[in-house]
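Remarks on the structure that follows.
Every number in this text was worked out from the coordinates using simple rules, so none of it is lab data. Just so we're clear, the structure is a prediction, and the values are computed from it rather than from any experiment. Counting neighbours? That spans all protein chains shown, and the Cβs are built from the backbone with ideal geometry, glycine included.
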Amino acid sequence: MIFVYRVTAGQEKVVADILRHKIQKDKLPIYAVALIEDLRGYLIIEAKDEVTARQSAMKIPHIKGVLRKSMDLNSIVPLIESRTAKLHIGKGDIVELISGPFKGEKARIIKVDEDKDEVTVELVEIAIPIPVTIKLNTVKIYQKAE
C-alpha cells in the first residue's frame, strides 16, 4: 500500500535519509521511499499496512503526519514518469536565449549535443561573434533555418 507523509517543506531529503536508517535498523516492512522534487512538503512510501506507515513516522523530526487515505499506484505514475519534450533544433536555426547573462539575445545554432542536452550558439547581434555553449532548455526557437 502507498502512503504519503506530510513533511516540513525543504526537509524532504533529510527525512528520507533518517527514515532509510530507521528502516534498515529496525527491519521495518517498508518497501520503497519516493522523494519527488515537484512534490514539496510530501514524501511517498510503500509499506505493508497503515500501522507500519504510522509507526515508522513516529519520533522522526519534520514529519507532520500521515495522510489518512492510502494512494493507488495510478495517481503517482504521472509524477514518477520521465517526461522529456524533444525540442527540434538544428544547425543554422535562430534562437532566443531565455535565461542567463545573454537573456533576450538572438543567436545562431552552431552545434547540437543531444547527449549532454547542450547547444553551441553564436550571438548574432554583436560585432564580434562569440561561440557560447549553453543548456538546451535555455533557448527557444525564433526562426528555423531554410
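Taking θ = phi - 60°, what integer Hz values does the Karplus form 6.51 cos²θ - 1.76 cosθ + 1.60 yield along segment 32-37, in sequence order, with x for Gly and Pro?
Couplings: 7, 10, 10, 10, 10, 4 Hz.
List the residues, sorted by chain then number, that are 5 or more residues from residue 42 or on another chain and whose placed amide H is less than 5 Å from its amide H.
The list, which skips near neighbours in sequence, is 7.
Report the antiparallel proportion of the DSSP beta bridges in the chain as a percent, rounded to a multiple of 5. List each step's numbers first, then the result.
On the way: 31 of 31 bridges.
Just about 100 percent of them are antiparallel.
Using θ = phi - 60° and the Karplus form 6.51 cos²θ - 1.76 cosθ + 1.60, what ³J(HN,Hα) does each residue of segment 42-47 get, whole Hz, x for Gly and Pro?
Those phi angles translate into 9, 9, 9, 10, 10, 10 Hz.
Around residue 105, which amide H atoms from residues at least 5 apart in sequence, or from another chain, sit under 5 Å from its own amide H, with H modelled in the peptide plane?
Sorted by chain and number, the residues that satisfy this are 97.
Which of the pairs 13/69; 27/64; 25/69; 103/135 have their Cα atoms more than 21 Å apart in this structure?
Too far apart for the 21 Å limit: 13/69; 27/64; 25/69.
For segment 1-51, which GluC sites (Glu not before Pro) are both in a DSSP coil and crowded by at most 16 other Cβ atoms within 10 Å?
For GluC sites (Glu not before Pro) across segment 1-51 that sit outside H, G, I, E and B with at most 16 neighbouring Cβ atoms in 10 Å, the list reads 37.
Which is the longest stretch in the chain that no exposed loop site breaks, taking sites as trypsin sites (Lys or Arg not before Pro) with a DSSP loop state and at most 15 other Cβ atoms within 10 Å? Write down the numbers at each step before the final one.
Values: sites that count: 27, 40, 48, 59, 68, 69, 83, 86, 91, 103, 116, 144.
Looking at the chain, 117-143 is the longest stretch - no exposed trypsin sites (Lys or Arg not before Pro) with at most 15 other Cβ atoms within 10 Å.
From the square roots a ≥ b ≥ c of the eigenvalues of the alpha-carbon gyration tensor of the chain, which class results: rounded (a/c under 1.5), prolate (a/b over b/c), or oblate?
On the way: a/c = 3.84, a/b = 3.07, b/c = 1.25.
It is prolate, given that a/c is not under 1.5 and a/b is the larger ratio.
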